[in-house]
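Chemist: For reference, the structure I am asking about is given below.
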Amino acid sequence: MNRNIPNLAIDELTLGQNINWQTRDYYVTKDPVNNLLRYFPLRQNCYMISICTSGSMRVRLNGEEITLEINTLAIFTPSTIIDVIEISKDYRCHLVIFMKSFLIETLNNIYFLERFQFLNNNGLFNLRLDANNISNLLSHIDKIITTQKNKTHPYRHDIVRNLIIILIYETDNILKRHISVNNSGNSYGQEKILSDFQVLLRKKFYMERKVGFYSKELSISTQLLTNIVRKYTGKSAKDHIEEMVLTQAKVFLRSGKYNVSEVATLLYYDNIEEFSRFFKRKTSVTPLKFSRNTHL
């Protein structure tokens, strides 16, 4: 039976945080929103920009498992389904939450946010940045927090809006420079990313089967890695990972040295059932039948 996934508004996201910003349009904090744990998995009706400053949190975003750790920038859009798997006691983050309607209220441009790829559905979930870029973004968030606390300022609402817009522009600039530094915007850079992915895959496919692991190691978004791999090979990054695992599984099974349970263990599967389902999905036969047919 499918679980109902709550779609939370800002006032629900911040419930129990002892805040009185007199607004439901935005919320900015340095503390984790602990009350969210009772809602997961969830969707939110707003955007979130998060920077981890200590500890770590393992989450599943739209079904993809990632780890948010120190100096990690994470973006959540209204379409993101978030589910927390594990969170450390020392996890802290700078978190900016805002409604689209709040930002475009005075811009006369309902498509303002659509110009920023990282705020789109095909943008990035998370990216680890260097200390200078993180410091830059944190300083902007600190300005928002300071302004947010000044409840007597007659233009607080408008100033916060503009500071969030500045934060978005700064984030976009940092991400574009990050991509440029990695040369991912031209053919040479894309070919290098593909080559680096293939080298990393040969080293790590035994233990790492998530595309997110490889995109994180290459310091690019999962979507960008998927697009580059598919462009040059016609297959997705996930396809390449599964092909490597399947090839090695067949080698082990053909050798006659290992039973199915041992092969599953060698390939770091949690249990034999999970491995068997994967193998049958890719070959239409069970690993046991494959092994027996090989040695007839």
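Chemist: Which residues, taken from the range 214-249, are of a type in the set (Ser, Thr, Tyr) and under 21 Å from the mean Cα position of the chain (by Cα)?
Modeler: Here is the first cut: in the range 214-249, the residues of a type in the set (Ser, Thr, Tyr) are 214-215, 219, 221-222, 226, 232-233, 236, 247.
Of everything in the range 214-249, those that are of a type in the set (Ser, Thr, Tyr) and under 21 Å from the mean Cα position of the chain (by Cα) turn out to be 214, 215, 219, 221, 222, 226, 236.
Conditions (1) assigned to a helix (DSSP H, G or I); (2) farther than 14 Å from residue 127 by Cβ; (3) modelled with pLDDT under 90, marked per residue:
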residue: 164; (1), (2), (3): yes, yes, no
residue: 190; (1), (2), (3): yes, yes, yes
residue: 219; (1), (2), (3): no, no, yes
residue: 224; (1), (2), (3): yes, no, yes
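Chemist: Additional query: Out of the residues in the range 250-268 that are among the aliphatic types (A, V, I, L, M) and within 29 Å of the chain's Cα centre (by Cα), which is farthest from residue 207 (Cα to Cα)? Walk me through it before giving the result.
Modeler: Step one: filter the range 250-268 for residues among the aliphatic types (A, V, I, L, M), giving 251, 253, 260, 263-264, 266-267.
After this cut, where a residue has to be within 29 Å of the chain's Cα centre (by Cα) as well, the list is 264, 266-267.
Working: 264: 11, 266: 9, 267: 7 Å.
If we take residues in the range 250-268 being among the aliphatic types (A, V, I, L, M) and within 29 Å of the chain's Cα centre (by Cα), then 264 is farthest from residue 207 (Cα to Cα).
Chemist: Scan the range 199-222 residue by residue and report those that are among the charged types (D, E, K, R) and under 16 Å from residue 68 (Cβ atoms).
Modeler: Of the range 199-222, the ones among the charged types (D, E, K, R) are 202-204, 208-210, 216-217.
Of everything in the range 199-222, those that are among the charged types (D, E, K, R) and under 16 Å from residue 68 (Cβ atoms) turn out to be 210, 216, 217.
Chemist: I need the full set of residues from the range 229-244 which are among the small types (Gly, Ala, Ser), outside any helix (DSSP H, G or I) and closer than 26 Å to residue 268 by Cα, in order please.
Modeler: Keep residues of the range 229-244 that are among the small types (Gly, Ala, Ser), which gives 234, 236-237.
Still in the running and outside any helix (DSSP H, G or I): 234, 236.
The answer is 236, and nothing else.
Chemist: Quick check: anything in the range 225-237 buried (at least 16 other Cβ atoms within 10 Å of the Cβ) and within 21 Å of residue 277 (Cβ to Cβ)?
Modeler: yes
Chemist: Have a look at 225, 246, 253, 267 and point out the one that is out of contact with any Leu (no Cβ under 6 Å at 6 or more places or on another chain), in the same structural domain as residue 196 (by TED's automatic domain parsing) and within 29 Å of residue 71 (Cβ to Cβ). Reasoning before the result, please.
Modeler: On the way: 246 fails: within 29 Å of residue 71 (Cβ to Cβ); 253 fails: within 29 Å of residue 71 (Cβ to Cβ); 267 fails: within 29 Å of residue 71 (Cβ to Cβ).
None of the others qualify; the one that does is 225.
Chemist: Looking at the range 121-134, can you tell me whether even one residue there is surrounded by 19 or more Cβ atoms within 10 Å (Cβ to Cβ), assigned to a helix (DSSP H, G or I) and out of contact with any His (no Cβ under 9 Å at 6 or more places or on another chain)?
Modeler: So far as the range 121-134 goes, yes, one or more of its residues are surrounded by 19 or more Cβ atoms within 10 Å (Cβ to Cβ), assigned to a helix (DSSP H, G or I) and out of contact with any His (no Cβ under 9 Å at 6 or more places or on another chain).
Chemist: Moving to a separate point now. Across the range 53-75, which residue is surrounded by the most Cβ atoms within 10 Å (Cβ to Cβ) among those that are among the small types (Gly, Ala, Ser) and assigned to a strand (DSSP E or B)? Let's see the steps before the verdict.
Modeler: In the first step, residues of the range 53-75 are kept if they are among the small types (Gly, Ala, Ser); the result is 54-56, 63, 74.
After this cut, where a residue has to be assigned to a strand (DSSP E or B) as well, the list is 54, 56, 74.
Numbers: 54: 11, 56: 15, 74: 22.
Among those that are among the small types (Gly, Ala, Ser) and assigned to a strand (DSSP E or B), it is 74.
The values are calculated or read from the model by the stated rules, or taken from the named source; none is laboratory data. Predicted model only: the values in this text are computed from it and were never measured. Reconstructed Cβ throughout: ideal geometry from the backbone, glycine too, with neighbour counts over all protein chains shown.
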